[in-house]
């Protein structure tokens, strides 16, 4: 079961990185002046926010191989699904952070002739990320907890290993209560780390 903890954290971490990168791209498309990109980004977000995560996971793992003719491992399917799903939510979080940045920053950068993408990368996004750190940490915690559903496709995460131990011993309470406690401890540790990181970032202002 301890090995399952590392699998759970690996899925959450890799998915969070994918979600962050995708979220930045989608958020810039949403606030940009190219209407087709803004519409596609909104449509993408609506799909992943409007359908159950377990259904998305099932489609990627079972249906996609029939379309592309290539089998996807359960672990890869989990990362793809969680990463793309997180990207939809992160795009809204980052977009709200960008909109929260003082408009004077945009005007000052424009007056100095700073190119749009340089302005976003060097001026606006760093300020936006500081404002949305709590929301970003909450998204990572959510990923860590929701990753338990990957047990439905056979990934040997914490939840799946608890089920295997329970089935092998015909005794469900001990392994399930242990996994319950481990998830709780993980979330508490991540919450504390998030608060410490947030405080450090606020001191650097």
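The values are calculated or read from the model by the stated rules, or taken from the named source; none is laboratory data. For clarity, every value in this text was computed on a predicted model and none was experimentally measured. Glycine gets a Cβ as well: all are built from the backbone with ideal geometry, and neighbour counts include every protein chain shown.
General observations
- Top-ranked residue of region 139-170 - restricted to ones that are under 25 Å from the mean Cα position of the chain (by Cα) and not in a helix (DSSP H, G or I), ranked as surrounded by the fewest Cβ atoms within 10 Å (Cβ to Cβ): 154
- Among the criteria (1) surrounded by fewer than 18 Cβ atoms within 10 Å (Cβ to Cβ); (2) at pLDDT 95 or above, the one residue 82 does not fulfil is (1).
- Taking the criterion of being assigned to a helix (DSSP H, G or I), free of Cβ contacts under 8 Å to residues at least 12 places away in the same chain and either more than 22 Å from the chain's Cα centre (by Cα) or closer than 12 Å to residue 1 by Cα (or both), the residues of region 171-198 that qualify are 173, 174, 177, 180, 181.
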